[in-house]
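J.: One structure, pasted below without further comment.
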Amino acid sequence: MKKTAVAHTNIALIKYWGKRDEKLILPANSSLSLTLDQFYTKTTVEWRTDLDADRFVLDGEELQDAKVTRFMEIIRKQFATQQYASIVSENHVPTAAGLASSASAFAALSAAATAALGYDLSNEELSKLARQGSGSASRSIYGDFAIWEKGALADGSDSFAHPLHSNLTKEIAMVVAVVSDKKKKVSSRVGMKSTVETSPFFTAWIERSAVDLEDMKRALSAGDFVKVGEIAERNAMRMHATTLGAEPPFTYFQPLSLEIMDIVREMRHNGIPAYFTMDAGPNVKVICLRKDEQQIQTRLKEIISQVYICHAGEGVKVVNEDE
Ligand code: DP6
């Protein structure tokens, strides 16, 4: 059977940074994200008896991708099939924006691959499965805000994401400034491993991120945007601080990232509530209210050409082939 699924990327307001189990992709801390409406992956999976290996085509190009191969093995084992699959994926991100995300990729692949096997998995099951492809994919199963609980069990059965309601969903926006479209030098997987193994700041990060998460949950349920922004910004900076303590030290900041942070601070000083967050790359995401998004985009376009306005997006869904 052949099925297609669409999943959107998500940006963490409380970051996932560090694993307690690398094989099962179990995190050392819980994280919280907003799914975005602008960037998504559409993936079609067809299980076939005539293949002797999986075939993976991304944006029209046939690729060998170790993460995808490994993930398909997990699916074959879990769902007891010996068949291989044809996987055809399209990343819907602005051309060369450097925003292609493993979160939307593995969320879409999980939904398409299991639907094509005839399963109708719950979001909880899909989240657990997607997590094993890439941790952040566990959150892209849901639209709007989602929390990925780290869980405590060794088999990972309690480590999955769930949605979180907030009345800020309709008001919040993210203005994404593309600093570089080059492939990152240190992937999130390699960066977090090195941090866990060598950074003396990692223990403090884990302690503080638990506090940040509780504060963030309260701020979201109270609909307190300023608090949400403040907590997200400090959490991101704490995550990035761990990388400077690693051996060898590394950073995802580039001069232009720092310049954008300064502009965000300056806008804040002038009365616009805007905050920044960054992931394992130099791009800066500005967290703001929809009413200010145009003004922020215009200001950032003075120094950077690719600036995109995003709102809360939808969770993963299986779609008709011709959609
Ligand atoms: C900085 O989910 O890409 O974006 O589980 O190794 O595939 P793996 O890592 P990944 O890491 C995301 C890290 C982050 C923060 C976040 O999204 O929470």
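Quick note: the coordinates plus some simple rules give every number you see, no bench work behind them. Everything numeric here is computed off the predicted structure, so don't read it as measured data. Counting neighbours? That spans all protein chains shown, and the Cβs are built from the backbone with ideal geometry, glycine included.
J.: How large is Rg/Rh for region 39-124, to two decimals, with Cα atoms and a Kirkwood Rh?
T.: 0.96
J.: Continuing with this model, one more query. Using Cα-Cα distances under 8 Å and only pairs 6 or more residues apart, what relative contact order does region 170-310 have, in percent?
T.: 43 percent
J.: I want to verify the translational diffusion coefficient of region 170-310 in µm²/s; compute it with Stokes-Einstein, Rh as the Kirkwood radius over Cα pairs, at 25 °C and 0.890 mPa s.
T.: Numbers: Rh = 15.8 Å.
Stokes-Einstein gives a translational diffusion coefficient of 155 µm²/s.
J.: Report the Cα centroid-to-centroid distance between region 89-161 and region 51-83 in angstrom, as an integer.
T.: About 16 Å separates the Cα centre of region 89-161 from the one of region 51-83.
J.: Here is a follow-up. With a bin width of 20 angstrom, please list the P(r) values of the chain as percents of all Cα-Cα pairs, from the 0 bin to the one holding the largest distance.
T.: Spelled out per bin, shortest first, that is 33, 58, 8, 0.
J.: A further question follows. If you place +1 on the Cβ of every Lys and Arg and -1 on the Cβ of every Asp and Glu, how big does the dipole about the Cα centre of region 138-260 come out, in debye to the nearest 20?
T.: The dipole of region 138-260 has a size of about 380 debye.
J.: Can I ask one more? How about region 156-204: which trypsin sites (Lys or Arg not before Pro) there lie in a loop by DSSP and see at most 13 other Cβ atoms within 10 Å?
T.: Here the trypsin sites (Lys or Arg not before Pro) that fit, given the DSSP loop and packing criteria, are K170, K182, K183, K185.
J.: Going down the list K183/K291; K170/K291; K3/K317; K67/K183, which pairs span over 22 Å between their C-alpha atoms?
T.: Table pairs above 22 Å Cα-Cα are K183/K291.
J.: Which of the pairs K150/K217; K23/K128; K128/K217; K128/K193; K19/K128 have their Cα atoms more than 19 Å apart in this structure? Can you show the working numbers first?
T.: Details: K150/K217 15 Å; K23/K128 13 Å; K128/K217 22 Å; K128/K193 21 Å; K19/K128 15 Å.
The answer is K128/K217; K128/K193.
J.: Now for a separate question. Just to confirm the number: angle between the C-alpha axis of helix 225-244 and the first principal axis of the chain, 0 to 90 degrees, nearest 10?
T.: For 225-244 against the chain, the angle is about 70 degrees.
J.: Taking only Cα atoms and a 10 Å spring cutoff, compute GNM fluctuations for the chain and point out the largest among E61, E233, E90.
T.: E61
J.: Right, here's the next one. Please report, in debye to the nearest 20, how large the charge dipole of region 230-292 is about its Cα centre when each Lys and Arg carries +1 at its beta carbon and each Asp and Glu carries -1 there.
T.: Working: 7 positive and 8 negative charges, 51 e Å.
Charge dipole of region 230-292: 240 debye, to the nearest 20.
J.: What 222 nm value per residue comes from the helices of the chain, counting each DSSP H run with n ≥ 4 as -39,500 (n - 2.57) and dividing by all residues, nearest 500 deg cm²/dmol? Let's see the in-between values first.
T.: On the way: 8 runs with 112 residues, N = 323.
After summing the helix terms and dividing by the residues of the chain, the value is -11000 deg cm²/dmol.
J.: Now, a different point. Below 8 Å, C-alpha to C-alpha, sequence gap of six or more: please give me the relative contact order for region 2-167 in percent.
T.: Here the relative contact order equals 28 percent.
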